[in-house]
């Protein structure tokens with residue numbers, strides 16, 4: 001089952017690999033610079049926002065970075 005902890009695991013890997021800050025990534029994915037901090041503090045999101053965030057991450061995944069093996073990766077077209 002996928003949940004917010006899976007999303008945060010993928011986000012943490014993305015941040016570690018890309019060097020992007022939490023607030024920046026939060027704004028890019030959710031159009032809300034505080035949403036990621038809220039998720040880290042225990043807030044929840046809708047299934048639609050979860051799926052959109054995972055698709056965003058998959059489509060913009062850094063070249064050569066390894067997606068966390070225990071989290072299902074959605075198929076997404078590589079973003080330009």
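The values are calculated or read from the model by the stated rules, or taken from the named source; none is laboratory data. What you are looking at is a predicted structure, and each value in this text was computed from that prediction instead of being measured. Methodologically, a virtual Cβ is constructed for each residue, glycine included, from the backbone with ideal geometry; neighbour enumeration extends over all protein chains shown.
In the stretch 35-63, the qualifying residues are those that are within 21 Å of residue 16 (Cβ to Cβ) and without any contact (Cβ under 8 Å) to a residue 12 or more places away in the chain, and the one that is surrounded by the fewest Cβ atoms within 10 Å (Cβ to Cβ) is 63.
Table: residues versus (1) more than 18 Å from residue 15 (Cα to Cα); (2) over 10 Å from the mean Cα position of the chain (by Cα); (3) at pLDDT 95 or above.
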residue	(1), (2), (3)
41	no, yes, yes
51	yes, no, no
59	no, yes, no
62	no, yes, no
69	no, yes, no
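Taking the stretch 3-27 as the region of interest, how many residues are touching a helix residue (DSSP H, G or I) at 6+ places or on another chain (Cβ under 9 Å), over 17 Å from residue 72 (Cβ atoms) and loosely packed, with under 14 Cβ neighbours inside 10 Å? Summing the residues that are touching a helix residue (DSSP H, G or I) at 6+ places or on another chain (Cβ under 9 Å), over 17 Å from residue 72 (Cβ atoms) and loosely packed, with under 14 Cβ neighbours inside 10 Å in the stretch 3-27 gives 1. Number of residues in the stretch 47-80 that are in contact with a helix residue (DSSP H, G or I) (Cβ under 9 Å, 6 or more places away or on another chain) and either under 13 Å from residue 7 (Cα atoms) or not in a loop (DSSP other than H, G, I, E, B) (or both): the value is 15.
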